[in-house]
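> One structure, pasted below without further comment.
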Amino acid sequence: MEPTVVDVPEHSRYEIRDGDRRLGLAAYRRRGTQVVFTHTEVDSSAGHSGLGGRLVRAALDDVRSAGGTVVPMCPFVRGWIERHPEYRDLVVAEA
């Protein structure tokens, strides 16, 4: 099965899942349409490479589709955006 990314707003995070198994998460805080990413983690025993990037890309695509912006406080999210300039337009300075 191909891992999928879902927003789990009741836990303030995006999750990358393989069926019922959570492989990683990107935690956030919402401020209106602004999403502040605070922490990202991926299960190192999952055996999948690139899961963190897939998780961040899907989360940012979701924010973009909702017309939102992001504050990448999480170093992983910040670094991923720096390597993918097509997502820099989503970034705003922390208020």
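No lab work stands behind these numbers, since they all come straight from the coordinates. Note that the structure is a prediction, hence the values are computed from the model and not measured. Cβ atoms come from the backbone with ideal geometry, glycine included; neighbour counts cover every protein chain shown.
> Between region 1-69 and region 73-94, what is the separation of their alpha carbon centroids in Å?
14 Å
> A further question on this structure: So what is the calculated 222 nm ellipticity per residue for the chain, using -39500 (n - 2.57) for each DSSP H run with n of 4 or more, over all residues, to the nearest 500 deg cm²/dmol?
Details: 2 runs with 24 residues, N = 95.
Value at 222 nm, helices only: -8000 deg cm²/dmol.
> Gaussian network model of the chain, Cα springs within a sub-10 Å range: biggest mean-square fluctuation belongs to which of ALA46, ALA26, ALA58?
ALA46
> SER45: net charge of surrounding residues, Cβ under 14 Å, Lys/Arg +1, Asp/Glu -1, itself excluded?
Details: positive: ARG21, ARG22; negative: ASP18, GLU41, ASP43.
So the surrounding residues net to -1.
> I've got another one for you. In debye, nearest 20: dipole of region 4-90 around its Cα centre with unit charges on the Cβ of K, R (+) and D, E (-)?
Details: 13 positive and 12 negative charges, 45 e Å.
Once rounded to the nearest 20, the dipole reads 220 debye.
> How many nm separate the modelled label positions at ASP62 and ALA46, each set 7 Å beyond the Cα in the direction of the Cβ?
For ASP62 paired with ALA46, the spin-label model returns 1.3 nm.
> Could you state the per residue volume, in Å³, of the convex hull enclosing the Cα atoms of region 1-51? Could you put the intermediate results ahead of the total?
Values: hull volume 4.2 nm³, N = 51.
Per-residue hull volume (Cα only) is 82 Å³.
> Can you tell me what the convex hull of the Cα atoms of the chain projects to on average, as an area in nm²?
Its average projected convex-hull area is 6.0 nm².
> Still on this model: Would you kindly derive the ³J(HN,Hα) couplings of region 29-40 from the backbone phi angles with the Karplus curve 6.51 cos²θ - 1.76 cosθ + 1.60 (θ = phi - 60°), listing them in order in whole Hz, with x for Gly and Pro?
10, 9, 10, x, 8, 8, 10, 9, 7, 10, 6, 9
> Shifting gears a bit: Taking H placed 1.01 Å from N in the peptide plane, check which residues at least 5 places from VAL35 or on another chain put their amide H under 5 Å from its amide H.
THR69, VAL70, VAL71
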